[in-house]
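Accompanying notes for the structure given below.
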Amino acid sequence: MSRFEPQIKAAGLGFSYEDTDIFKDLSFSIIKNQSLFLLGPSGSGKSTFAYCLNRLYPEAVDGNITGSIMFDGKNLDEFKPGELNQKIGIVFQDPESQFCMLTVEEEVAFGLENFHVPRAEMESKIDRALEWAGLQAEKKTVIHTLSGGQKQKLALACVLALEPDVIILDEPTANLDPQSSSELVETITNLKQYRPFTLIVNEHKLDDWFELIDRCLVLDSNGTLLFDGTPEQCYGEFTPYLRKEGIWLPKVVEAGITAKDAGVYKGERIPLRTSELLTGLEDPSAFFKKESKTTDPKEPILEVNGLYARGHLNNITLRIHKGERTALVGANGSGKTTLSKCLAGLLPVDQGEIQFLGVPLSKWKENDLYQSLGYVFQNPEHQFITDSVYEEISFGLMQKAIVSTILEKMGLETHAGAHPFALSQGQKRRLSVATMLVHEQDLLILDEPTFGQDANTAHEIMSVLDEKDGAVFMITHDMELVDQYADTVHVLDKGELIFSGTPERLWENCEVISRARLKLPFRKQMENEMVRREIHVTS
């Protein structure tokens with residue numbers, strides 16, 4: 001095949017499920033070894049589109065596909081069962097859905113065995129894939145004990161071990177800590193130099209990927225092709241359409257547009273790189289200055305003293321106050337989800353005490369506790385119990401009037417009759433948050449509240465949470481959320497609490513940032529860059 005001939009070619013491609021068009025009439029060609037962004041708002045069909053490219057859909061669901069897809073000059077229907085999966089590898093948005101073995105090593109070996117890789121070659125391929133994914137130390141680990149981020153790395157290792165011609169990454173960094181996200185991009189970049197392959201990335205965190213990507217395919221909310229071109233064209237000329245659709249922008253582009261709208265950016269075009277942004281701003285230090293929050297101290301709503309649990313948490317002591325917005329951050333595997341489940345009474349503690357509203361958590365009756373304390377799981381499917389979106393939100397409510405309001409706020413009004421499991425991953429996350437918001441508990445604990453969201457829906461979720469009277473405690477890898485919304489941030493490292501304080505104090509603590517594998521939010525990165533460039537920083 002010539003390097004300019006299409007490796008993948010779609011003509012009039014459409015997919016419908018339960019009489020609903022997910023996307024329609026997509027026509028495009030992908031050249032071998034290109035690196036593409038697949039962009040679009042939540043629910044636009046990006047994941048479904050990716051699954052169609054390696055024939056997972058319509059075979060795995062009762063859907064209908066129209067049009068055609070060609071790979072290496074052959075229609076996908078012409079490939080033997082399993083043959084295409086070796087050539088086109090995909091890392092799912094929900095990594096757990098693709099595991100079937102007990103340990104990390106066995107899971108990576110499973111794919112190799114299916115494609116009859118000789119036993120003599122298997123060990124080295126497993127070790128190499130685990131090294132690429134940063135999981136060497138977990139080779140013998142039982143999969144269900146891994147954190148969400150580690151499971152994401154394992155899913156990637158399973159695909160890398162097969163060395164496919166095309167790799168599709170569906171929200172690959174959603175569950176990764178900030179440093180792991182950067183390392184993943186670095187790994188993929190190095191792999192493409194070592195062994196070129198076509199890369200398709202469905203992602204919301206764009207900044208780390210920007211230099212690697214040479215093309216953007218953009219779907220709109222109706223599942224039609226909105227844009228096909230270079231990143232420079234996409235973010236330089238097409239940003240008004242992207243913003244309208246709620247599609248995430250690189251942070252430097254977003255900052256440039258905000259500055260331009262405010263009349264403080266004098267550059268002729270929207271900046272695509274840091275140097276352009278800082279050069280074009282009239283007063284960079286004033287633009288990136290954040291107004292300090294002043295909050296009156298309130299009484300604690302939840303108190304943790306000397307907590308030990310499951311061999312993961314060691315001597316945790318913290319407070320959550322009434323009305324407080326608290327973030328819990330740390331590296332993958334640091335114990336964040338374990339701690340949050342202990343705080344919600346979902347996991348037992350080995351030692352120490354948790355008091356909620358002045359009463360030991362162990363003394364609460366389950367029904368009474370969950371009237372006052374809500375929990376949103378990392379995997380939203382774990383909390384769905386009814387057959388429709390409307391029923392899920394209204395379950396247990398005496399007053400149903402609020403349901404329509406929350407459906408509209410969460411962008412789910414057109415899906416009220418749909419089964420929760422028929423929603424996209426981003427829509428499932430919004431539903432899981434909505435089911436808790438309607439009960440107006442004193443404390444709401446959320447594990448990755450904006451997972452899988454486009455820019456508009458992420459903003460809407462956080463706005464609703466910010467308006468909430470009760471306290472909000474969220475686990476997140478998104479330092480922008482911490483910077484914008486949190487009053488207090490706690491940092492975990494290997495089960496130990498190594499920092500508690502305001503976000504601003506955290507950003508100044510380089511040792512904690514490094515140890516917990518965090519990254520500074522964009523505005524702090526720009527402040528540091530201004531210092532490096534000797535641009536005056538407003539104190």
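Numbers below:
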read-out: Residues being among the aliphatic types (A, V, I, L, M) and assigned to a loop (DSSP other than H, G, I, E, B) - total across the stretch 86-136; value: 4
read-out: Candidate set from the stretch 1-46 (those that are more than 27 Å from the chain's Cα centre (by Cα) and without any contact (Cβ under 8 Å) to a residue 24 or more places away in the chain); member that is surrounded by the most Cβ atoms within 10 Å (Cβ to Cβ); value: Ser29
read-out: Subset of the stretch 465-486 [surrounded by fewer than 19 Cβ atoms within 10 Å (Cβ to Cβ) and in contact with a Pro (Cβ under 9 Å, 6 or more places away or on another chain)]; value: Glu480, Gln484
read-out: Condition broken by Asp261, with the remaining ones in (1) free of Cβ contacts under 8 Å to residues at least 24 places away in the same chain; (2) open to solvent by 40 Å² or more (accessible area, probe 1.4 Å); (3) within 24 Å of the chain's Cα centre (by Cα) satisfied; value: (3)
read-out: Selection status of Glu440, surrounded by fewer than 19 Cβ atoms within 10 Å (Cβ to Cβ) and over 18 Å from Lys289 (Cβ atoms); value: yes
read-out: Condition met for Ala155 (under 16 Å from the mean Cα position of the chain (by Cα) and touching a residue at least 24 places away in the same chain (Cβ under 8 Å)); value: yes
read-out: Where a residue in the stretch 463-476 is over 14 Å from Thr450 (Cα atoms) and its partner, wherever it lies, is part of a helix (DSSP H, G or I) and open to solvent by 10 Å² or more (accessible area, probe 1.4 Å), with Cβ under 9 Å and at least six apart; value: Lys468/Leu437; Gly470/Ser372
read-out: Residue that is most open to solvent (accessible area, probe 1.4 Å), among those in the stretch 152-197 that are within 17 Å of Met479 (Cα to Cα) and of a type in the set (Gly, Ala, Ser); value: Ser182
read-out: Thr435 of a type in the set (Val, Ile, Thr), open to solvent by 20 Å² or more (accessible area, probe 1.4 Å) and not in a loop (DSSP other than H, G, I, E, B); value: no
read-out: Candidate set: the stretch 137-151, residues that are open to solvent by 70 Å² or more (accessible area, probe 1.4 Å) and in a helix (DSSP H, G or I); chosen: the one nearest to Val91 (Cα to Cα); value: His144
read-out: Criterion (open to solvent by 30 Å² or more (accessible area, probe 1.4 Å), touching a residue at least 12 places away in the same chain (Cβ under 8 Å) and either closer than 21 Å to Thr435 by Cβ or not in a strand (DSSP E or B) (or both)) met by exactly one of Glu511, Glu504; value: Glu504
read-out: Filtered residues of the stretch 514-530 (kept if in a helix (DSSP H, G or I) and open to solvent by less than 20 Å² (accessible area, probe 1.4 Å)); value: Lys524, Met526, Met530
read-out: Considering residues of the stretch 69-85 that are under 19 Å from Phe15 (Cβ atoms) and in a helix (DSSP H, G or I) only, the residue farthest from the chain's Cα centre (by Cα); value: Asp77
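Quick grid of which residues meet (1) open to solvent by less than 10 Å² (accessible area, probe 1.4 Å); (2) touching a helix residue (DSSP H, G or I) at 6+ places or on another chain (Cβ under 7 Å); (3) farther than 30 Å from Leu361 by Cα:
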site: Arg243; (1), (2), (3): no, no, yes
site: Gly246; (1), (2), (3): yes, yes, yes
site: Asp283; (1), (2), (3): no, no, yes
site: His312; (1), (2), (3): no, yes, no
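The values are calculated or read from the model by the stated rules, or taken from the named source; none is laboratory data. For clarity, every value in this text was computed on a predicted model and none was experimentally measured. Cβ coordinates were reconstructed from backbone atoms using ideal geometry, including for glycine residues, and neighbour counts include every protein chain displayed. All accessible areas refer to the heavy atoms of the entire protein, side chains included, with ligands and DNA or RNA removed. Shrake-Rupley method; radii C 1.70, N 1.55, O 1.52, S 1.80 Å.
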